[in-house]
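Just below is one structure, and these are the notes that go with it.
The values are calculated or read from the model by the stated rules, or taken from the named source; none is laboratory data. Given the structure is predicted, the values throughout are model-derived calculations rather than measurements. Cβ: placed from backbone, ideal geometry, glycine included. Neighbour counts: every protein chain shown.
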Amino acid sequence: MTRTPKLLLAISLGSLLISITGVLWGLFLPVAAIFFGLFMIFNLLAKEMALFDQEQHLRIALAERSKVPASKAVRNDAHAPGRESNLNAAHLHNAS
């Protein structure tokens, strides 16, 4: 168990014990229920979060491996010498 579920469980149990004693019963019983619900959600999704983290690390590793070095990257420069733009017809059409 990580730190967050332990904290949620501790708050839930502490609130439940306070509500059982009768001191501010109307406040601490709902707090205990809310934090216990959050604890249960964290426990149910723990495996899914671990799988998601593993997939993200794998994707990052694949992306870094497939990176093309800057020296080998193809330049797509519109103003490179020898390249002319075909926008002349569109610019002339708006001039009239």
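Considering only residues that are in contact with a Leu (Cβ under 7 Å, 6 or more places away or on another chain) and either small (Gly, Ala, Ser) or exposed (fewer than 14 other Cβ atoms within 10 Å of the Cβ) (or both), look in region 16-42 and name the one that is farthest from residue 2 (Cα to Cα).
The qualifying residue farthest from residue 2 (Cα to Cα) is 19.
Have a look at 59, 75 and point out the one that is more than 30 Å from residue 16 (Cβ to Cβ) and either at pLDDT 90 or above or in a helix (DSSP H, G or I) (or both).
Details: 75 fails: either at pLDDT 90 or above or in a helix (DSSP H, G or I) (or both).
Just one listed residue meets the conditions, 59.
Have a look at 64, 84 and point out the one that is of a type outside the set (A, V, I, L, M) and modelled with pLDDT of 85 or more. If you could, list the steps in order and put the result at the bottom.
Values: 84 fails: modelled with pLDDT of 85 or more.
Within the list 64, 84, the selection yields 64.
Starting from region 2-27, keep only residues that are assigned to a helix (DSSP H, G or I), then list their pairs with residues that are hydroxyl-bearing (Ser, Thr, Tyr) whose Cβ atoms are within a distance under 6 Å, requiring at least 6 positions of separation or different chains.
Matching pairs, first to second residue: 25/19.
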